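Worksheet for the structure shown next.
Since every read-out is calculated from the coordinates, none of them should be taken as a lab result. Please read these numbers as outputs of a predicted model, since none were measured by experiment. Positions of Cβ are generated from backbone atoms using ideal geometry, with glycine treated the same way; all protein chains shown enter the neighbour counts.
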Amino acid sequence: MRVLLLVIVSIFATVIASLILPVGAANAATQTEAQSPIDYKIETVAEGLNFPWSIAFLPSGDYLVALRVGEVRRITAAGDIGKPLTGLPDSYVAGQGGYFDIILDPDFTSNQTVYLSFAHGAPDANGTRIVKGTLMDDAIEDVQAIFTVAPLKDTPVHYGGKMIFLEDGTLMMTTGDGFEYREAAQDKFSQLGKIIRINKDGTVPADNPYADGKQGDPKVWSYGHRSPQGLVLDEATSIVYMHEHGPKGGDELNLVLPTRNYGWPAATKGINYSGAYVTPLKSAPGVEEPLTYWVPSIAPSGLAIYDGAAFPQWQGDLFVGALVDEEVRQLKIEDGRVASETPVFTEIAARIRDIRVGPDGYLYILTDSASGKVLRVVPN
């Protein structure tokens, strides 16, 4: 708490003007722009899945889908759902806890390695963990833990858990603030409320910003995050985008850069659920401004950048799943800013948990329910 108070007092003393947003700094997310209609259709790949949270695409055409209830199912290209893969660790399944993200190693064709993030531990001590193992038909073998967030917490919420591989082969992951531990997001020596960067074996990359441990945790890349639920690399520009939930309002889309402070909870566009201020500051010197934000919240979940061939008009567009609004938001990025935002696929009318671009160039969308679906957006 002392760390947070010092941060807020320091910022407040230098930026009393931040109490009021400048004229013209209205929420960019409310400014939508009509786009040319695209002729598409939505197909159901599989259904009856118990809260599917992420999907990975196997070279064979099959899919791996991680379910929050602590299972990974292999789904064939024809949509047949297999039994839960064996060999994976138990998860702390409570609140938002369970299995989160599943991704393939960049060298999967030669090593068959997959990575899974999940809630590890027990009610009084739990946190986000990453394991890796070798896929063998209906099992994951040689499973080993390569990262466990420190410190652990006693809340079943705000885990983060989204993973991507960067071009240099390092692994990046989001962690949440644990809700009751929000001050930790400003503590660079805590791994809560951070973007983490590690090597495939869990060791620290030598070029991490705090690799020597003197100014922050060696695995920390950026800080000041609340509940990050989207992470994606734009391979055309090498830019990493992420989004995170605000409290009541203040969901953000950010460009991820090392050592940067993204504000939470010292500065936020949102307020507490009670209606009280989290902080008097909406922005502040030294705090990265989001590319766009949402007030009221859309509860963003899942993030994709379109780079396929099936819909050339979408090249470079971001697609954001919305849990609250039960739709997808399509964002056009021009000159480093969000030029327009459009609600799309509203006919799904379900909570959107994840969205990915498949190797076939189609969009894959996971709906968030006890009878969740894998949907595929294809040209009509």
Legend entry - Per-residue Cβ neighbour rank within 10 angstrom, fewest leading, PHE319, PHE311: PHE311, PHE319
Inset, instruction - Mind putting a number on the dipole of segment 99-162 about its Cα centre? Charges go on the C-beta only, +1 for Lys and Arg and -1 for Asp and Glu, and I need it in Debye to the nearest 20. - result: 340
Inset, instruction - Note down the nm distance, to one decimal, between modelled labels 7 Å out along Cα→Cβ at VAL324 and at LEU166. - result: 3.2
Legend entry - Interchain or long-range residues, amide H under 5 Å from ASP251's placed H: GLY246, TRP294, ILE298
Legend entry - Extent along principal axes [Cα atoms of the chain; Å; largest to smallest]: 61, 48, 37
Legend entry - Simple Cβ-charge dipole of the chain, Lys/Arg +1 and Asp/Glu -1, about Cα centre, in debye nearest 20: 980
Inset, instruction - Quote the Stokes-Einstein diffusion coefficient, in whole µm² s⁻¹, for segment 60-137, based on the Kirkwood radius over alpha carbon pairs, a temperature of 37 °C and a viscosity of 0.692 mPa s. - result: 249
Legend entry - Full-extension gain in nm, ASN199 to LYS248, via 0.36 nm per residue minus C-alpha separation: 14.1 nm
Legend entry - segment 123-133 - phi-based ³J(HN,Hα) in whole Hz, Karplus 6.51/-1.76/1.60, Gly and Pro as x: x, 8, 7, 9, x, 6, 10, 10, 10, 10, x
Inset, instruction - Sum up the charges of everything whose Cβ sits under 15 Å from the Cβ of ALA310, counting Lys and Arg as +1 and Asp and Glu as -1, but leave ALA310 out. - result: -2
Inset, instruction - Considering only GLY82, GLY133, GLY176, give the residue with the highest GNM mean-square fluctuation for the chain, with springs between Cα atoms whenever their separation is below 10 Å. - result: GLY82
Legend entry - Selected from ALA78, ALA125, ALA310 as most flexible by GNM, with the chain as the system and alpha-carbon contacts under 10 Å: ALA78
Legend entry - Extreme residue, positive dipole direction of segment 257-380, given options ASN380, VAL344, LEU323 (C-beta unit charges): LEU323
Legend entry - Burial ordering of THR237, THR113, THR292, fewest other beta-carbon atoms within 10 Å first: THR237, THR113, THR292
Inset, instruction - Any chance you could list the semi-axes, whole Å, largest first, of the equivalent ellipsoid that the Cα gyration tensor gives for segment 83-209, using √(5λ)? - result: 24, 19, 10
Inset, instruction - Starting from the Cα-Cα distance between LEU257 and SER110, subtract it from 0.36 nm times their residue separation and give me the gain in nm to one decimal. - result: 49.8 nm
Inset, instruction - With springs connecting C-alpha atoms under 10 Å apart, model the chain as a Gaussian network and identify which of GLN215, GLN96, GLN112 has the largest mean-square fluctuation. - result: GLN215
Inset, instruction - Please return the longest stretch of the chain lacking exposed loop sites, where GluC sites (Glu not before Pro) count only if DSSP places them in a loop and at most 15 other Cβ atoms lie within 10 Å. - result: 236-380
Legend entry - ³J(HN,Hα), Karplus 6.51/-1.76/1.60, whole Hz, each residue of segment 54-65, x for Gly, Pro: 7, 9, 10, 10, 7, x, 6, x, 7, 10, 10, 10
Inset, instruction - Could you tally the net charge around GLY169, taking each other residue with its Cβ under 14 Å from the Cβ of GLY169, Lys/Arg +1 and Asp/Glu -1? - result: -4
Legend entry - Separation between Cα centres of segment 266-316 and segment 115-131, rounded to whole Å: 26
Legend entry - Environment charge at PHE118 (Cβ cut-off 13 Å; Lys +1, Arg +1, Asp -1, Glu -1): +1
Inset, instruction - Could I have the simple spin-label model distance between VAL143 and ASP307, label points 7 Å from Cα toward Cβ, reported in nm to one decimal? - result: 3.0
Inset, instruction - When you have a sec, figure out the Kirkwood radius of segment 135-272 from all distinct Cα pair distances and drop it here in Å to one decimal? - result: 15.4
Inset, instruction - Please report LYS188, LYS194, LYS219 as a ranked list, fewest other C-beta atoms within 10 angstrom at the top and most at the bottom. - result: LYS188, LYS219, LYS194
Inset, instruction - Give me the number: length gained by fully extending ILE38 to VAL69, i.e. 0.36 nm times residue separation minus the C-alpha to C-alpha distance, one decimal in nm. - result: 7.6 nm
